[in-house]
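Read through the structure below, which is laid out as structure tokens, and then see the notes.
The values are calculated or read from the model by the stated rules, or taken from the named source; none is laboratory data. Since this is a predicted model, take the numbers as computed values, not measurements. Every residue, glycine as well, gets a Cβ built from its backbone with ideal geometry; the counts of neighbours run over all protein chains shown. Quick note on the areas: whole protein, heavy atoms, side chains included, nothing else; ligands and nucleic acids left out. Shrake-Rupley method; radii C 1.70, N 1.55, O 1.52, S 1.80 Å.
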Amino acid sequence: MSRPPFPEPASVPPPQPGVLLARGVCRLLIDLGFAPIAEFAPDRGLRADVFAVGPKGEIWIVECKSGLPDFRSDRKWPGYLAWCDRFFFAVDDAFPDEALPPEHGLRRADAFGAEILRHPAEPSVLPPARRKALTLKAARVASVRLRMALDPGLPALSEI
């Protein structure tokens with residue numbers, strides 16, 4: 001049985017600053033024992049920059065801000081608070097930390113790593129049913145993404 005040839009790789013533009021921040025954040029999360037997923041949709045209309053499930057089932061969301069204009073123009077981040085136990089912002093060295101709400105966590109990041117500067121003032125606790133649904137969704141999305149990365153001839157699928 002013959003298969004169609006693999007598609008030629010498209011030219012890939014250089015990563016945007018937020019993508020580079022997310023990469024550094026994911027590296028830190030893995031070091032902390034978390035399983036991060038970039039660009040994860042916990043609910044319709046939301047797409048978290050980094051969503052991570054921890055070793056004890058805790059769920060963290062990290063919103064990467066490439067600069068002050070990015071933060072000021074973003075009105076969707078408060079919607080993520082109901083979908084995680086801890087919420088963090090990740091910014092680079094040039095970002096003015098005082099512009100961010102102090103009750104949320106803060107990470108300093110670049111393309112190669114990140115560090116936690118502060119944890120959220122009060123961690124929230126997700127309802128058990130929501131935690132289970134999010135954990136299952138994260139596992140399914142990660143599995144499909146891995147399969148698509150390993151099989152470039154796989155037809156494009158919408159995420160679960």
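Numerical summary
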read-out	value
Count - residues of segment 91-108 that are at pLDDT below 95 and part of a strand (DSSP E or B)	0
Members of segment 23-43 found to be of a type in the set (Gly, Ala, Ser) and either touching a strand residue (DSSP E or B) at 6+ places or on another chain (Cβ under 6 Å) or on the phi > 0 side of the Ramachandran plot (or both), listed by number	GLY24, GLY33, ALA35, ALA38
Residue in segment 64-86 that is under 23 Å from VAL141 (Cβ atoms), touching a helix residue (DSSP H, G or I) at 6+ places or on another chain (Cβ under 6 Å), touching a residue at least 60 places away in the same chain (Cβ under 8 Å) and not hydroxyl-bearing (Ser, Thr, Tyr) present	no
Options ALA90, ALA94; residue that is among the aliphatic types (A, V, I, L, M), touching a helix residue (DSSP H, G or I) at 6+ places or on another chain (Cβ under 7 Å) and closer than 23 Å to GLN16 by Cβ	ALA90
ARG72 out of contact with any Phe, Trp or Tyr (no Cβ under 7 Å at 6 or more places or on another chain) and of a type in the set (D, E, K, R)	yes
Residue satisfying all of: in segment 30-50; closer than 19 Å to SER66 by Cα and in contact (Cβ under 8 Å) with a residue 60 or more places away in the chain; surrounded by the most Cβ atoms within 10 Å (Cβ to Cβ) among these	PHE40
Single residue of segment 11-42 satisfying the filter (modelled with pLDDT under 95 and not in a helix (DSSP H, G or I)) that is farthest from ALA138 (Cα to Cα)	SER11
For GLU115: the one exception among (1) open to solvent by less than 70 Å² (accessible area, probe 1.4 Å); (2) touching a strand residue (DSSP E or B) at 6+ places or on another chain (Cβ under 9 Å)	(1)
Checklist (1) open to solvent by less than 80 Å² (accessible area, probe 1.4 Å); (2) under 16 Å from the mean Cα position of the chain (by Cα); (3) of a type outside the set (Asp, Glu); (4) within 29 Å of PRO127 (Cα to Cα) applied to PRO101, failing item	(2)
Matching residues in segment 77-87 - criterion: being exposed (fewer than 14 other Cβ atoms within 10 Å of the Cβ) and of a type in the set (Lys, Arg)	none
Inter-residue pairs, beta-carbon under 8 Å, first under 17 Å from CYS84 (Cβ atoms) and in segment 135-160, second open to solvent by 70 Å² or more (accessible area, probe 1.4 Å) and at pLDDT below 80, 6+ apart	LYS137/ILE160; VAL141/GLU159; VAL141/ILE160
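So that you can scan it fast, the table gives a plain yes or no per residue for (1) part of a loop (DSSP other than H, G, I, E, B); (2) at pLDDT below 95; (3) of a type outside the set (Val, Ile, Thr); (4) surrounded by 15 or more Cβ atoms within 10 Å (Cβ to Cβ):
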position	(1), (2), (3), (4)
PRO55	yes, no, yes, no
GLU63	no, no, yes, yes
SER66	yes, yes, yes, yes
ARG75	yes, yes, yes, no
PHE89	no, no, yes, yes
GLU122	yes, yes, yes, no
ALA129	no, no, yes, no
